[in-house]
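> Quick one: the structure is below, and I'll ask about it shortly.
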Amino acid sequence: MQASTRISSILGGGSDGWEVFLRARQMIAEGTAVTELTIGEHDIRTAAPILQDMHRASMAGHTGYAAIPGINALRDAIAARVTARTGVPTNRDNVMITPGGQSALFAAHMAVIDPGDTALYIDPYYATYPGTLRGASAVPVAIEAQAEAAFQPRPADIAAVADGAKSLLVNSPNNPTGVIYSRETLEGIAEVCRDHDLWLISDEVYDTQIWEGTHISPRALEGMAERTLVVGSMSKSHAMTGSRIGWVIGPEEIVEHLINLATHTTYGVPGYIQDAALFALELGDAFEAEIAEPFRRRRTLAQNVLAAQNVVGTVPNGGAMYMMLDVSATGLNGESFANALLDAHHIAVMPGESFGAAAAGHIRVAMTIEDSAFEQALKTLCAFAEQLSANR
Ligand code: PMP
């Protein structure tokens, strides 16, 4: 018996660039100490008060089926947060609670894509994007943002393939590059969406991790609220990756459809998780800043290490928990460099190639380990790159 073409094609086939990560995990399983700078997850766990509230909510009986679009109090809190941060009037009917941002990405595409429609996305991209689009029966088409343009996508490149496409997926602050899209970039993207009648899916799960510049939600740009679906999540902002809590913000009619989709797929998010999410949001901006702080600190540490050498090139990472580093001066591509670094120094990073063709010759470093170990790992990485480049 055959599985469906749709589900069989979620993985694109061929190498997906995760071999280095899997090899690192295998080494760890065999007892080797490996410094892992791979996965985008905090080195702290969810804060105790949030867990206590989750416990309180479950003991209080919020363990039955919960409202499928999400409980009103949480939808209201998210709507108020979005209104305050973007200026776009948003209410609970614009908010659909989902089990995490990943599920929100899938649901958003299911809401706007018919089978065989073209769904555009920007390369370098978060690893699940093409598979998510294929899972929603779209034909994914990547548009490369150029390293020379500091990975800001060029609206003209998007316009060149936009005819007949249905949607465009963007992500700022960006995983894997850490780049924040400028106002100019976003205005250009918005114009392409309006001119070509595209839905814009804006993945903003890193919107609380801003180190330089400003985060602009493209939903706030002229004429965009009616054609934008924003994906949000508490995974990164509140260190709640395992709680699976996120949302889609969009026009009411789309949220109505998303409720139908959830009724026939997830059947909502557990009530005690939603209660704890509301509690976490009410901790306010100071708590979000506290969760983001270690990455800000490590970014500065890394900048100092990188400024003291001239082999490894940097990308201006204004946000998120990653740095994209250019290792092409070593003569190796990202994957060979990552493999060599793992072998020589037991440091695991992600090859740029695992996030698309545009990041070839780069590696992604997640700033997700304790400060001094992180700084040391970067020093080792730079010294290794210098040695490779000297031996060319
Ligand atoms: N979008 C981006 C860009 C991400 O990096 C991630 C997680 N790494 C997600 C969405 C999904 O996160 P979650 O499902 O945990 O909310």
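> Which residue, of 119, 127, is touching a Ser or Thr at 6+ places or on another chain (Cβ under 7 Å) and either part of a helix (DSSP H, G or I) or at pLDDT 95 or above (or both)? Break it down stepwise before answering.
Numbers: 127 fails: either part of a helix (DSSP H, G or I) or at pLDDT 95 or above (or both).
Of 119, 127, the one residue that is touching a Ser or Thr at 6+ places or on another chain (Cβ under 7 Å) and either part of a helix (DSSP H, G or I) or at pLDDT 95 or above (or both) is 119.
> Still on this structure, I have one more. Residues that are within 24 Å of residue 287 (Cα to Cα), touching a helix residue (DSSP H, G or I) at 6+ places or on another chain (Cβ under 7 Å) and within 16 Å of the ligand (Cβ to nearest atom): find the strands (runs of 3 or more DSSP E) completely inside the range 158-271 holding 1 or more of those.
Details: elements: 165-171, 199-203, 228-233, 246-249.
Where strands (runs of 3 or more DSSP E) fall fully within the range 158-271 and carry at least 1 residues being within 24 Å of residue 287 (Cα to Cα), touching a helix residue (DSSP H, G or I) at 6+ places or on another chain (Cβ under 7 Å) and within 16 Å of the ligand (Cβ to nearest atom), they are 199-203, 228-233, 246-249.
> Starting from the range 149-176, take each residue that is within 17 Å of residue 198 (Cβ to Cβ) and list its partners that are within 16 Å of the ligand (Cβ to nearest atom) and open to solvent by 40 Å² or more (accessible area, probe 1.4 Å), counting only C-beta distances under 7 angstrom and pairs at least six apart or across chains.
Every condition considered, the pairs that remain are 171/126.
> Would you call residue 338 at negative phi, in contact with a helix residue (DSSP H, G or I) (Cβ under 6 Å, 6 or more places away or on another chain), assigned to a helix (DSSP H, G or I) and crowded, with 22+ Cβ neighbours inside 10 Å? Even if it seems obvious, please write down each step before you answer.
Working: at negative phi: yes; in contact with a helix residue (DSSP H, G or I) (Cβ under 6 Å, 6 or more places away or on another chain): yes; assigned to a helix (DSSP H, G or I): yes; crowded, with 22+ Cβ neighbours inside 10 Å: yes.
It is true that residue 338 is at negative phi, in contact with a helix residue (DSSP H, G or I) (Cβ under 6 Å, 6 or more places away or on another chain), assigned to a helix (DSSP H, G or I) and crowded, with 22+ Cβ neighbours inside 10 Å.
> Could you say which residue among 235, 172 is more than 12 Å from residue 101 (Cβ to Cβ), open to solvent by less than 20 Å² (accessible area, probe 1.4 Å), small (Gly, Ala, Ser) and within 15 Å of the chain's Cα centre (by Cα)?
On the way: 235 fails: more than 12 Å from residue 101 (Cβ to Cβ).
The conditions single out 172.
> Only one residue in 128, 118 is away from the ligand (no atom under 16 Å from the Cβ), open to solvent by 10 Å² or more (accessible area, probe 1.4 Å) and out of contact with any helix residue (DSSP H, G or I) (no Cβ under 6 Å at 6 or more places or on another chain). Which one?
Values: 128 fails: away from the ligand (no atom under 16 Å from the Cβ).
Selected residue: 118, the only one of 128, 118 that is away from the ligand (no atom under 16 Å from the Cβ), open to solvent by 10 Å² or more (accessible area, probe 1.4 Å) and out of contact with any helix residue (DSSP H, G or I) (no Cβ under 6 Å at 6 or more places or on another chain).
> Right, something else. Of these, 362, 264, which one is surrounded by 24 or more Cβ atoms within 10 Å (Cβ to Cβ) and modelled with pLDDT of 95 or more? Lay out the reasoning, then the answer.
Values: 264 fails: surrounded by 24 or more Cβ atoms within 10 Å (Cβ to Cβ).
The match here is 362.
> Testing residue 354 on (1) within 24 Å of the chain's Cα centre (by Cα); (2) at pLDDT 95 or above; (3) hydroxyl-bearing (Ser, Thr, Tyr), one condition comes back false. Which one is that?
The failed condition is (2).
> Same structure again: Identify, please: which residue in the range 186-206 is of a type outside the set (A, V, I, L, M, F, W, C) and buried (at least 24 other Cβ atoms within 10 Å of the Cβ) and is, among those, farthest from the chain's Cα centre (by Cα)? Even if it seems obvious, please write down each step before you answer.
Our first condition is that a residue be of a type outside the set (A, V, I, L, M, F, W, C); within the range 186-206, this holds for 187-188, 191, 194-197, 202-204, 206.
After this cut, where a residue has to be buried (at least 24 other Cβ atoms within 10 Å of the Cβ) as well, the list is 202-204, 206.
On the way: 202: 10, 203: 7, 204: 7, 206: 7 Å.
The extreme case among them is 202.
The values are calculated or read from the model by the stated rules, or taken from the named source; none is laboratory data. Predicted, not measured: the structure shown is a model, and the values here were computed from it. Methodologically, a virtual Cβ is constructed for each residue, glycine included, from the backbone with ideal geometry; neighbour enumeration extends over all protein chains shown. To get the accessible areas, we keep the full protein, side chains included, count just its heavy atoms, and leave off ligands, DNA and RNA. Shrake-Rupley method; radii C 1.70, N 1.55, O 1.52, S 1.80 Å.
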